[in-house]
Structures are given as C-alpha cells and as structure tokens.
Amino acid sequence: MNCYEHTFITKQDLSDSQAKKLVSKYKNIIQTYSGNVLKTEEWGLRNLSYSIKNSRKGFYFHFKFEGIGKTVEELE
C-alpha cells in the first residue's frame, strides 16, 4: 500500500458536530476501500489565498493514510 495525504477545506461556519460527521465520513471511506488512517489533523480556521464563493476563510482538515488507488478515487 502507498502512503497518501489528503487535505480538504470546509466553510468557516461549520459546527463541531458537522465537523465530526465529516471526519468520520472520510475515515469510513478510507477504511471501506482497504485503507488505513495514520493521522488526522484539524488545522483550524485559516485565510484562503483568494475568495471562493465569497468566503475569505476556510476550516482545514488533513489526513495521512495508507491505501490503494481506488481509495484515492473514492475520496475525490
């Protein structure tokens, strides 16, 4: 299995419960497709380089995991 890193950004007004649901959803996808989550990091609220849908900030999440090509396809 190969090691991968996956970072995604959500809206800045994401609640704690929504964030936990989102993280568990990604973990389930990784595990369903023969992957293994090595590390999960919440980088918190950060400024974006440019505006996306009128938002200048976003909440960042970062995953490090082992998996196969199919795992990465499903995350995308």
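The values are calculated or read from the model by the stated rules, or taken from the named source; none is laboratory data. As the structure is a prediction and not an experimental result, all values here were calculated from the model. Cβ placement follows ideal geometry from the backbone for every residue including glycine, while neighbour counts extend to all protein chains displayed.
Summed over segment 28-69, residues that are in contact with a Gly (Cβ under 9 Å, 6 or more places away or on another chain) and outside any strand (DSSP E or B) total 6.
The one condition from (1) surrounded by 11 or more Cβ atoms within 10 Å (Cβ to Cβ); (2) over 21 Å from Lys70 (Cβ atoms); (3) modelled with pLDDT under 90 that Trp43 does not meet is (3).
Restricting the first member to segment 51-76 and to residues that are among the hydroxyl-bearing types (Ser, Thr, Tyr), and the second to residues that are loosely packed, with under 15 Cβ neighbours inside 10 Å, the beta-carbon pairs closer than 6 Å and six or more apart or on different chains are Tyr60/Trp43; Tyr60/Arg46.
Which pairs do you get when a residue that is modelled with pLDDT of 90 or more and surrounded by fewer than 12 Cβ atoms within 10 Å (Cβ to Cβ), found in segment 11-28, comes within reach of a residue that is among the β-branched types (Val, Ile, Thr) and part of a helix (DSSP H, G or I), reach meaning Cβ atoms under 9 angstrom, with the pair 6+ apart or on two chains? From segment 11-28, no pairs qualify.
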